[in-house]
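FYI, it's all coordinate maths here, none of it is from the lab. Just so it is clear, the model here is predicted, and its values are computed rather than measured.
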């Protein structure tokens, strides 16, 4: 599996922890949209797309299964974020 394209839209809202939204294309055949880029206490990180559940919590719609793939996503997205 390879990430073949990443697009990032930055936000300029003062005081907001959310810094942007990313879309990722995998193997030129599968897209994941609405990956949030968030400023945490220890720097930027990504949050996968999620939806609100009936109990008021949130559940990821799509997400990496293991830490290596999560790191691959995070590295590619944050690299593109730094370019803009």
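Using 0.36 nm per residue, how much length does the chain from residue 41 to residue 7 gain when fully extended, once their Cα-Cα distance is taken away?
Working: separation 34, 0.36 × 34 = 12.24 nm, distance 2.44 nm.
So the chain would gain 9.8 nm between residue 41 and residue 7.
Hull surface divided by four, with the convex hull built on the Cα atoms of the stretch 3-83: how many nm²?
Working: hull surface 25.3 nm².
Mean shadow area of the hull around the Cα atoms is 6.3 nm².
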